[in-house]
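Asker: Questions regarding the structure given below will be posed in turn.
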Amino acid sequence: MTSNKIVIIPTFNEKENIEKIVKIILSIEEVFHILIVDDSSPDGTADIVKKLQINFPESLFLIERKGKLGLGTAYMTGFNWSIEHRYDYIFEMDADFSHNPMDLPKLYNVCREGADLAIGSRYCNGISVINWPIGRVIMSYYASMYVRKVLGINVFDTTSGFKCYKREVLEKIDLSKIRMKGYGFQIEMKYNAIKLGYKVKEVPIIFVDRTEGTSKMSSGIFGEAFWGVMKMKFRKIRPR
């Protein structure tokens with residue numbers, strides 16, 4: 001079945017989650033296609049996707065990369081593929097069910113009704129996080145506050161990885177100039193969209209920490225984001 005919407009899901013060792021999340025997304029009444037970008041998962045994630053492709057040959061796609069190359073580059077690989085294949089609405093989401101697949105239509109509707117970038121936000125309506133340790137909630141919340149103040153942007157969840165872009169936004173952002181590769185990538189992409197004049201809207205979601213598989217979070221990710229934001233503030237943003 002054809003669709004103008006593609007959901008990019010980067011994976012590394014997600015065998016516990018990948019089949020379930022693919023089947024749920026493809027069961028949604030609003031039709032979405034899926035692009036998995038797998039970084040040579042040693043647990044066989046890509047092999048599971050290949051088996052699923054037998055039943056979903058026109059709606060499930062896979063890019064396999066050599067080695068663990070990072071979240072940001074996985075999304076940029078997915079963005080370029082999605083632009084090349086002319087999808088109008090391009091989504092980011094995690095494989096571990098921290099983002100509810102049933103919220104995808106909410107992000108789509110916000111973009112369809114006028115936003116250029118819709119952000120699934122944990123913090124625009126209070127704090128909506130389940131199963132995170134309190135220390136991690138505090139760190140994430142105040143990290144977003146820090147980014148908001150330093151960059152002067154009106155986004156409450158600056159590190160959210162659950163988003164819907166109109167294709168035009170990704171065509172205009174110069175992806176070759178994106179510097180950060182971890183979760184700082186999420187900040188940099190939002191900042192570029194805002195500086196280029198696009199309309200950004202946050203959509204309240206409930207974020208639930210993974211129950212299966214292993215988290216990819218590390219202290220280095222936060223360090224990259226902290227220093228990267230300082231550099232970003234003084235960088236000129238030009239369209240591609």
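Asker: I need a count of the residues in the stretch 40-72 that are part of a helix (DSSP H, G or I), out of contact with any Ser or Thr (no Cβ under 6 Å at 6 or more places or on another chain), at pLDDT 95 or above and not basic (Lys, Arg).
Answerer: Keep residues of the stretch 40-72 that are part of a helix (DSSP H, G or I), which gives 45-55, 71-72.
Now restrict to residues that are out of contact with any Ser or Thr (no Cβ under 6 Å at 6 or more places or on another chain): 46-55, 71-72.
Keeping just the survivors that are at pLDDT 95 or above gives 46-55.
Retained after the next criterion (residues that are not basic (Lys, Arg)): 46-49, 52-55.
Of the residues in the stretch 40-72, 8 are part of a helix (DSSP H, G or I), out of contact with any Ser or Thr (no Cβ under 6 Å at 6 or more places or on another chain), at pLDDT 95 or above and not basic (Lys, Arg).
Asker: Oh, and also: Going by the conditions given, is Val150 touching a Lys or Arg at 6+ places or on another chain (Cβ under 7 Å) and modelled with pLDDT under 95?
Answerer: Numbers: touching a Lys or Arg at 6+ places or on another chain (Cβ under 7 Å): yes; modelled with pLDDT under 95: yes.
In short, yes.
Asker: While we're here: Please specify each residue of the stretch 174-193 satisfying the condition of being of a type in the set (A, V, I, L, M, F, W, C) and either in contact with a strand residue (DSSP E or B) (Cβ under 6 Å, 6 or more places away or on another chain) or buried (at least 22 other Cβ atoms within 10 Å of the Cβ) (or both).
Answerer: Result: Met180, Phe185, Ile187, Met189, Ala193.
Asker: Something else now. Considering each residue of the stretch 149-171, count those that are outside any loop (DSSP other than H, G, I, E, B), touching a residue at least 40 places away in the same chain (Cβ under 8 Å) and closer than 18 Å to Met232 by Cα, and give that number. If you could, list the steps in order and put the result at the bottom.
Answerer: At the first step, the residues of the stretch 149-171 found to be outside any loop (DSSP other than H, G, I, E, B) are 149-151, 163-171.
The next check asks that each one be touching a residue at least 40 places away in the same chain (Cβ under 8 Å); those that pass are 150-151, 163-171.
Filter once more, keeping what is closer than 18 Å to Met232 by Cα: 150-151.
Number satisfying all stated conditions: 2.
Asker: Let me ask you something else. Taking into account only those residues within the stretch 19-36 that are farther than 17 Å from Thr2 by Cα and in contact with a helix residue (DSSP H, G or I) (Cβ under 9 Å, 6 or more places away or on another chain), which is surrounded by the most Cβ atoms within 10 Å (Cβ to Cβ)? Steps first, please.
Answerer: Step one: of the stretch 19-36, the residues farther than 17 Å from Thr2 by Cα are 19-21, 24, 36.
After this cut, where a residue has to be in contact with a helix residue (DSSP H, G or I) (Cβ under 9 Å, 6 or more places away or on another chain) as well, the list is 19, 21, 24, 36.
On the way: Glu19: 15, Ile21: 22, Ile24: 14, Ile36: 28.
Step by step, filter the stretch 19-36, then rank; the result is Ile36.
Asker: Could I ask something else about it? Considering only residues that are surrounded by 14 or more Cβ atoms within 10 Å (Cβ to Cβ), among the hydrophobic types (A, V, I, L, M, F, W, C) and modelled with pLDDT of 80 or more, which ones fall in the stretch 203-236?
Answerer: Val203, Ile205, Ile206, Phe207, Val208, Val229, Met232
Asker: Moving on. For the stretch 88-127, which positions are farther than 16 Å from Asp157 by Cα and assigned to a loop (DSSP other than H, G, I, E, B)?
Answerer: Asp88, Ala95, Asp96, Phe97, Asn100, Glu113, Gly114, Ala115, Asp116
Asker: Does the stretch 132-143 contain any residue that is among the polar types (S, T, N, Q), surrounded by 20 or more Cβ atoms within 10 Å (Cβ to Cβ) and free of Cβ contacts under 8 Å to residues at least 40 places away in the same chain? Outline the logic, then answer.
Answerer: Initial filter on the stretch 132-143 (among the polar types (S, T, N, Q)): 140.
Imposing the further condition that a residue be surrounded by 20 or more Cβ atoms within 10 Å (Cβ to Cβ) reduces the set to 140.
Still in the running and free of Cβ contacts under 8 Å to residues at least 40 places away in the same chain: 140.
Yes, the stretch 132-143 contains a residue that is among the polar types (S, T, N, Q), surrounded by 20 or more Cβ atoms within 10 Å (Cβ to Cβ) and free of Cβ contacts under 8 Å to residues at least 40 places away in the same chain.
The values are calculated or read from the model by the stated rules, or taken from the named source; none is laboratory data. No experiment lies behind these values; they were computed from the predicted model shown. Every residue, glycine as well, gets a Cβ built from its backbone with ideal geometry; the counts of neighbours run over all protein chains shown.
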